[in-house]
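The values are calculated or read from the model by the stated rules, or taken from the named source; none is laboratory data. Everything quoted here is computed from the prediction, not taken from an experiment. With ideal geometry, Cβ positions are generated from the backbone for all residues, glycine too; neighbour counts draw on all protein chains shown.
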C-alpha cells in the first residue's frame, strides 16, 4: 500500500470525506471494524455512567462520584471488578450452551453498527437493504438470551428467557411496520440514503411512526417498562441469574449495547442521523444517541413494569393498529406529494397522531388478566 | 402429535428480592399462571413469645421492637398498654400525647415503606422507594432525637416514658408534619395517574369483604376491602377519642385500593399529628413503676391499630415479675393467611405485587 492511500484512509477514519471512499476494501474493513468495536465499548461505558448519574439525579441522590472526577471512571472500575470475579458454571447447566450464550447475544449487537452512517458515506458497508438487515440482526440477540435461560437450568432464568422470546416475536411486527413509513418517504432501505433524504428530520413527518418505533424498540431490547426478562423484583436477575464474571459482563454489555444500537437507529431513521450544522457529523450522531438514551433512562426511572399479558396487549391491540394506520396515512401522503412532503403537513401529522393515540388509549381496560384455574387433585 | 404441558413448581424464596425477609412460597405455575400456592413460614422464628416468659415485664420491651421492625414504636405501645391494663397503671397526660404522636409518626414511616416497596415490587426501579425513604429517614431522625436509636427504639416504658422529649422535638416535629403533607401531594403527582401502575394494580388480587372478615384480616388490608374497622375508632385506646380523623376505606379490595388506603391513612395521621402537636400539655411523663414489679394474678389483652393491622398482646400473670404466658396477635401473619385465595389464577408477576400490597414484616410473621 502506498503512503497516500494510507493517509487517505486515515483521513476518512477521522470522519472527513475522501474522493474515492471506500478505497482499499480490506484496510477499510479492518480499520472500521476496530473503530466500531471501540465505539460500542466506549459508548457502553459512557451509557453506564449516564444511566447511573441520571438515576441518581432523578431519585434525589447523588450517584457514583468517587472514582475519578465526578465518578466518570466508575464504569471502568465496575468492569475491572466484574472481570476479576470467579466464573461459576452451575453443576446441572448445559455447559456448551451456557458458554456460548453471551457470545451469541453479543455478536449481532456489534454487527448492527455496520450499516449505521457516521457521516456522509462514513460507514462500514452501505447495504441497499440496510434497515431490513438491522431489524433481522437485532432480533438474533434473543437467541442468546434463550440459550442462557435454557442452559442455566434455572427456572427463573427459563421464565425470563421465555418472556423475552415472546416479547421479541410480538414487537418485531409493529417495529417493522413503523419503519415502513420512513422507507416510503426516503424511497430507499439504505440507512445512508435515508439520512440523505432527511432535509427535515422524519420525526416531524412521522410522529406516530417514531413513537411506535421507540416503544417497540424499548420492548425489543427489554428496557423498562418492558424489562420483563430481568425483572429484578420477580425473577431475581432473569436470564443471567446463573452468570458471573466475564460472561455476566458480556450480558451487561449487551444490555447497554442494545440501548446504544436502538438509539443509533432511531437517530438515523427519525432524527436525520449525522446531519447537523457546525459540529462534525459523528458528534451530531453521538449527541442524538445520548438524547434518545436519556429518554430511555427517564422512562425507566419513572414507570413501573408492565405485566406479560399487558405487554402483549400493547403490542397487538395498540401498537400494531397504530403502525398500520401510520403506514396507510404516510402512503397516501407520499402518493399525493411525490416530490417531498410540504412542511405544513407536520402539523396535520401531529394532530392525527394525537387523535389516534387518544382514541386507542381509551380502549385500554384495567383489571383483567385473571385466569380461571381448575382445582388441582 | 399433541403437545402436552405440565405445571411446574417454583420455589420463591426464602431468599428472594421481593419476599420482604425470609419467606418461602411454593408456587405451582402453569406457564406464567399460578395454579397453586403454599406459603412456608418459620424461617425467622426466634421464639419471642417464649422469651417473654424468661424476662421481666420491663425487660421484654426491647424484644417487642424486634417484632415488626418497620414500626417498633407501635409494638412498644401495644405491649406497654397490655402491661398497664394488667397492673392497672394510669399514665400521665403528657405521656399519652407523646404516645399518640409517636404512634402516628410510626404509622406514616411504616406506610411510606409499604407504598415504596409496593412500587418496587411493581418494578418502578427504586424511584418511589427512595423518595419515600427520604421522609422516613426524617421521621427516624426525630425518633433518634428521643431515644438515641433509629430503628429499635426501646423508648416506651410501663407507666409512660423513661425520659421526657428534648425541647427541640416539638418544633422539629411540626416542621416535618408540614413537609410530609406537601410531599404526599408530590408523590401523588408521580404515582396516582401512572397508567402502568393503575393497570398493574387495579382489579388485581381482590380480597372480598366476606373473606377478609372471615380470615380475620385487619388494618389497611381489611379497610381496602370496604370494612370500616379501625381500632382507634372502634375501641379507642390511649387518647384517640379526643382527635378528629376519618377512617379511609376502599371499595374493591384490590391492590390499588390497598395502596390508596395507605396513602389516605398517612393524610389522616398528618391530621391527628396536627391536633396532637398543638395540644401537648406539660407535666411528668412517667408514673412511678418499680423495675421489678408484681402485677396481680390475672390476664389482660390490649390491642392497638398498628400500621399493619390489629396488634394484640395477651399477657397472663401469676403474680411474679415475669409474664406466665405472652401471646402476640401479629397482623402481618393473619393478613397473610388469605394469600392463596388472592393469587390463584393471577400471573407470577401479580403474585409479587399482591404479596407486596399486603405489606408484611417477616419479624412479625414468624416472631
Residues located in the stretch A:166-194, provided they are surrounded by fewer than 21 Cβ atoms within 10 Å (Cβ to Cβ), within 16 Å of the chain's Cα centre (by Cα) and farther than 22 Å from residue A:273 by Cβ: A:169, A:172, A:173
Residue count, the stretch B:337-361 (criterion: crowded, with 23+ Cβ neighbours inside 10 Å and more than 14 Å from chain A (Cβ to nearest Cβ)): 4
Answer from B:175, B:251 - the residue that is exposed (fewer than 15 other Cβ atoms within 10 Å of the Cβ), within 14 Å of chain A (Cβ to nearest Cβ) and either modelled with pLDDT of 85 or more or in a loop (DSSP other than H, G, I, E, B) (or both): B:251
Test: residue in the stretch A:268-281 that is away from chain B (no Cβ under 14 Å) and in contact with a strand residue (DSSP E or B) (Cβ under 6 Å, 6 or more places away or on another chain): yes
One residue from B:296, B:323 being under 20 Å from residue B:63 (Cβ atoms) and more than 14 Å from chain A (Cβ to nearest Cβ): B:323
Criterion violated by residue B:14 - all others in (1) surrounded by fewer than 20 Cβ atoms within 10 Å (Cβ to Cβ); (2) more than 23 Å from the chain's Cα centre (by Cα); (3) within 14 Å of chain A (Cβ to nearest Cβ) satisfied: (2)
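Do the conditions hold for residue A:370, that is, is it farther than 23 Å from residue B:197 by Cβ, modelled with pLDDT under 85, out of contact with any strand residue (DSSP E or B) (no Cβ under 7 Å at 6 or more places or on another chain) and within 14 Å of chain B (Cβ to nearest Cβ)?
Spelling it out, it is not the case that residue A:370 is farther than 23 Å from residue B:197 by Cβ, modelled with pLDDT under 85, out of contact with any strand residue (DSSP E or B) (no Cβ under 7 Å at 6 or more places or on another chain) and within 14 Å of chain B (Cβ to nearest Cβ).
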Verdict on residue B:58 being more than 14 Å from every other protein chain (Cβ to nearest Cβ) and touching a residue at least 60 places away in the same chain (Cβ under 8 Å): yes
Unique residue being over 26 Å from residue A:60 (Cα atoms), touching a residue at least 12 places away in the same chain (Cβ under 8 Å), more than 14 Å from every other protein chain (Cβ to nearest Cβ) and part of a helix (DSSP H, G or I) when the list is B:221, B:227: B:221
Residues being without any contact (Cβ under 8 Å) to a residue 60 or more places away in the chain and part of a loop (DSSP other than H, G, I, E, B) - total across the stretch B:254-286: 1
Subset of the stretch B:193-218 [more than 14 Å from chain A (Cβ to nearest Cβ), surrounded by fewer than 21 Cβ atoms within 10 Å (Cβ to Cβ) and touching a residue at least 24 places away in the same chain (Cβ under 8 Å)]: B:209, B:211, B:215, B:216
Residues of the stretch A:305-337 classified as within 14 Å of chain B (Cβ to nearest Cβ) and either under 18 Å from residue A:354 (Cβ atoms) or in contact (Cβ under 8 Å) with a residue 60 or more places away in the chain (or both), total: 9
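Just checking, which of B:165, B:132 is within 14 Å of chain A (Cβ to nearest Cβ), crowded, with 16+ Cβ neighbours inside 10 Å and in contact with a helix residue (DSSP H, G or I) (Cβ under 6 Å, 6 or more places away or on another chain)? Quick ask: steps written out before the conclusion?
Details: B:165 fails: within 14 Å of chain A (Cβ to nearest Cβ).
Among B:165, B:132, only B:132 is within 14 Å of chain A (Cβ to nearest Cβ), crowded, with 16+ Cβ neighbours inside 10 Å and in contact with a helix residue (DSSP H, G or I) (Cβ under 6 Å, 6 or more places away or on another chain).
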Residues that are within 13 Å of chain B (Cβ to nearest Cβ), on the phi > 0 side of the Ramachandran plot and part of a loop (DSSP other than H, G, I, E, B), drawn from the stretch A:185-239: A:222, A:231, A:236
When residues of the stretch A:135-145 are limited to those that are free of Cβ contacts under 8 Å to residues at least 40 places away in the same chain and over 21 Å from residue A:316 (Cα atoms), the one farthest from the other protein chains (Cβ to nearest Cβ): A:137
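Considering only residues that are touching a residue at least 40 places away in the same chain (Cβ under 8 Å) and part of a helix (DSSP H, G or I), which ones fall in the stretch B:140-162?
Within the stretch B:140-162, the subset touching a residue at least 40 places away in the same chain (Cβ under 8 Å) is B:143, B:146, B:151-162.
B:143, B:146, listed by residue number.
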Boolean, residue A:197 is more than 27 Å from residue A:165 (Cβ to Cβ), buried (at least 23 other Cβ atoms within 10 Å of the Cβ) and without any contact (Cβ under 8 Å) to a residue 60 or more places away in the chain: no
In the stretch A:47-66, residue surrounded by the most Cβ atoms within 10 Å (Cβ to Cβ) [restricted to those that are without any contact (Cβ under 8 Å) to a residue 60 or more places away in the chain and in a helix (DSSP H, G or I)]: A:49
Flag for residue B:165 being under 22 Å from residue B:135 (Cα atoms) and part of a loop (DSSP other than H, G, I, E, B): yes
The listed residue being at pLDDT below 85 and either surrounded by 17 or more Cβ atoms within 10 Å (Cβ to Cβ) or part of a helix (DSSP H, G or I) (or both), out of A:132, A:127: A:127
Residue under evaluation residue B:114, criteria (1) within 14 Å of chain A (Cβ to nearest Cβ); (2) modelled with pLDDT of 85 or more; (3) within 30 Å of residue B:204 (Cα to Cα), criterion not met: (1)
Single condition residue B:27 does not satisfy, out of (1) buried (at least 18 other Cβ atoms within 10 Å of the Cβ); (2) within 28 Å of residue B:147 (Cα to Cα): (2)
Condition check for residue A:39: surrounded by 14 or more Cβ atoms within 10 Å (Cβ to Cβ) and either touching a helix residue (DSSP H, G or I) at 6+ places or on another chain (Cβ under 6 Å) or within 14 Å of another protein chain (Cβ to nearest Cβ) (or both): no
